[in-house]
Amino acid sequence: MKILFAASECVPFCKTGGLADVVGALAPMIAANGHEVGVILPLYSAIEEKYVSRMKHETDFEVELGWRRQYCGVESLRMDGVTWYFIDNKYYFGRSYMYGMGGDEYERFGFFCRAVLNALQILNLQPDIIHCNDWQTGMIPALLQIQYRHLPFYQPIRTVFTIHNLQYQGIFSIPQVQDVLGLGDSLFTADKLECCGNANYMKAGLVYADEITTVSPSYAEEIKTAYYGEGMDGLLRARQEHLTGIINGIDTQIWDPAHDRHIAKPYAENSLKGKAACKAALQKELGLEERPGTPLMVMISRLSSQKGVDLVDRVLTEIMEEDVQFAVLGMGEARYVDLFSWAEQRYPGRFSAHFRMDEALSHRMYAGADLFLMPSRFEPCGLSQMIALRYGTVPIVRETGGLRDTVLSYNEANGAGNGFSFFNYNAHDMLFTIRRALNYYGREPEIFRRLVARGMSGDYSWNHSARVYQDLYLSLKEK
């Protein structure tokens, strides 16, 4: 099959979150299974010169956006068995940021969606499937169906739309979107592109894609409810026969404690001496007391309420009353930066906070920690808990979305489980679960070691999920 992924970010070129990791790992896996795979992305100014210098200029043309005629170049790069295409327009993508500023996101990604579709025919690139990801690509299925389907070249193409996070929907005023994409009033109704009086790019993908996927089975069920559905639950219930939850994987070559160049000493499931060395090195690096017998708990997260940091805020003093060290890595809301800055001063040698994106440090924290805290309010899939499991760092999570699908709380009755979890979004439920985990660490070390080994022995690769995607693509192609 010929598969084209359309996304707004992708490792190793550009990243703000988990979407980039997913596309960057899944596309090469599908290609390795014998399919012809391409990925098409914006050419951001943030993409490193070592990649830009290797790109080949494929073509350039003008894209009509209402009354505008905008330059569009297409560059390509062959790597990891995948052809990577980049949509070049310095006005839209040559900025100091990828998202969220400037007030013209509707125009930037409206341009991107139309440029992708126009480029296909100009490049004579006719995929069987266009796999779109999140709201920035949501208009591709809609424009394909509304404005391009009558052209013979586009008639065989089918679309898959993946929800990575339903909270971010790309909501803009209807006149703005009409001005850019030339869509008539009849399309802005409750059953099509309109949502609460506005235009909604995410909804465009949900309405017009042939199939919808999201990144875990539990999240696929949750988003059909009002609590998690972000206003889209009715539409998702209506399309539930075309909605599939497929758990993400992680790149098991990048995240491999046996061959990780970022950590102090490699280790594996059957030889954990290296993990003790990683803990000692991490304690020293973070300015924590070098105490091997004290459990070290970490959070590596965006500092926001979605990630459960408000729960930590409510019981942080109670957590620090325990015999535990706590380290945090992430960027986000100022109130949580203030909280953790205060904690670092209040608990010297026991609390450490670092407010930045630091890939190498994150590797060392996964490797050196004993416990990984991830109390998300909602979590479509989550990769961090799977990385923690692979590194023998026992997760403490809230039972939601992908966390529920990947972390099974330890059961004293039968010994099953690979971590600890709590159900209610409640700070004291979280505190009880942290204390439970600390109790097993200190008083039941054999059980804790079994949890470590069980986590490290799990399969968190893309192998199974890639096969599920391939089956979905094939079923669409054969329709």
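Values in this text are rule-based calculations from the coordinates and carry no lab data. Values in this document were obtained by computation on a predicted structure and should not be read as measured data. Cβ coordinates were reconstructed from backbone atoms using ideal geometry, including for glycine residues, and neighbour counts include every protein chain displayed.
The aspartates and glutamates within cross-link reach of Lys90, meaning a Cα-to-Cα straight distance under 19 Å and a gap of 8 or more places when in the same chain, are Glu9, Glu48, Glu49, Glu58, Asp60, Glu62, Glu64, Glu75, Asp104, Glu105, Glu107.
Less than 11 Å from a label point 7 Å out along the Cα-to-Cβ axis of Glu64: which backbone N atoms in region 178-213 qualify, by residue? Correct set: 182. One equal scatterer on each Cα of region 294-427, no solvent, Debye formula: the resulting log10 I(q)/I(0) at q = 0.20 Å⁻¹ is -1.27. Taking only the Cα atoms of region 74-149, the ratio Rg/Rh comes out at 0.97, with Rh defined as the Kirkwood radius.
Take every Cα pair under 8 Å whose residues are at least 6 apart in sequence, average their separation, divide by the length of the chain, and the relative contact order is 12 percent. Within the chain, the ratio Rg/Rh, alpha carbon atoms throughout and Rh by Kirkwood, equals 0.99.
Here the residues Met331, Met55, ranked from fewest to most Cβ neighbours within 10 Å of their Cβ, fall in the order Met331, Met55. Start at zero, step by 10 Å, and the Cα-Cα distances of region 365-431 spread as 24, 54, 22, 0 percent across the bins. Tally the DSSP beta bridges in the chain and give the antiparallel ones as a percent, rounded to 5. Antiparallel: roughly 30 percent of the beta bridges in the chain.
For region 45-97 versus region 189-205, the spacing of their alpha-carbon centroids is 28 Å. Amide H contacts for Gly245 (H built 1.01 Å from N in the peptide plane; partners 5 or more residues away or on another chain; cut-off under 5 Å): Thr214. Working from label points 7 Å from Cα in the Cα-to-Cβ sense, the Arg356 to Gln145 distance is 4.6 nm. Taking a straight line from the alpha carbon of Lys279, these aspartates and glutamates sit under 15 Å away, with near neighbours fewer than eight places off in the same chain left out: Asp260, Glu289, Glu290, Asp370. Counting only Cα atoms, the size of region 121-221 along its three principal axes is 37, 36, 20 Å, in decreasing order. Each peptide in 103-111, 234-242, 366-374 was scored by the mean count of other Cβ atoms within 10 Å over its residues; highest first, the order is 366-374, 103-111, 234-242.
Here the residues His262, His164, His464, ranked from fewest to most Cβ neighbours within 10 Å of their Cβ, fall in the order His464, His262, His164. For region 296-313, backbone phi angles converted through the Karplus equation (6.51, -1.76, 1.60; θ = phi - 60°) give residue-by-residue couplings of 10, 10, 10, 10, 10, 6, 5, 8, 8, 5, 4, 8, x, 5, 5, 5, 4, 3 Hz, Gly and Pro being listed as x. For Gly182, the residues whose amide H sits under 5 Å from its own are Gly66, ignoring neighbours fewer than 5 places away on the same chain, with H placed 1.01 Å from N.
Amide hydrogen proximity for His131: with H placed 1.01 Å from N in the peptide plane, the residues at 5 or more positions away or on another chain lying under 5 Å are Leu4, Phe5, Ala6, Val160. Computed from backbone phi with θ = phi - 60° and the Karplus coefficients 6.51, -1.76 and 1.60, the 3J(HN,Hα) list for region 413-423 is 5, 10, x, 6, x, 9, x, 9, 8, 9, 9 Hz; x is used for glycine and proline.
Remark: the Thr16-Met79 segment gains 20.5 nm on full extension, using 0.36 nm per residue and subtracting the alpha carbon distance. Mean projection of the Cα convex hull over all viewing directions, computed for region 301-346: 3.0 nm².
Residues within the reach of a label modelled at Glu194 (point 7 angstrom out along Cα to beta-carbon, backbone nitrogen below 12 Å), restricted to region 145-184, are 174-175. For region 259-310, the set of GluC sites (Glu not before Pro) satisfying both a DSSP loop assignment and a count of at most 14 other C-beta atoms within 10 Å is given as Glu289, Glu290.
Our note on the geometry: Cα centres of region 289-354 and region 127-176, 41 Å apart.
Our helix-only sum for the chain, with -39,500 (n - 2.57) per DSSP H run of n ≥ 4 divided by its residues, gives a mean residue ellipticity at 222 nm of -11000 deg cm²/dmol. For region 61-69, the Karplus equation 6.51 cos²θ - 1.76 cosθ + 1.60, evaluated at θ = phi - 60°, returns couplings of 7, 9, 10, 7, 10, x, 7, 8, 10 Hz by residue, with Gly and Pro reported as x.
Partners of Lys477 within straight-line reach, counting lysines whose Cα lies under 23 Å from its Cα and excluding those fewer than 8 residues away in the same chain: Lys2.
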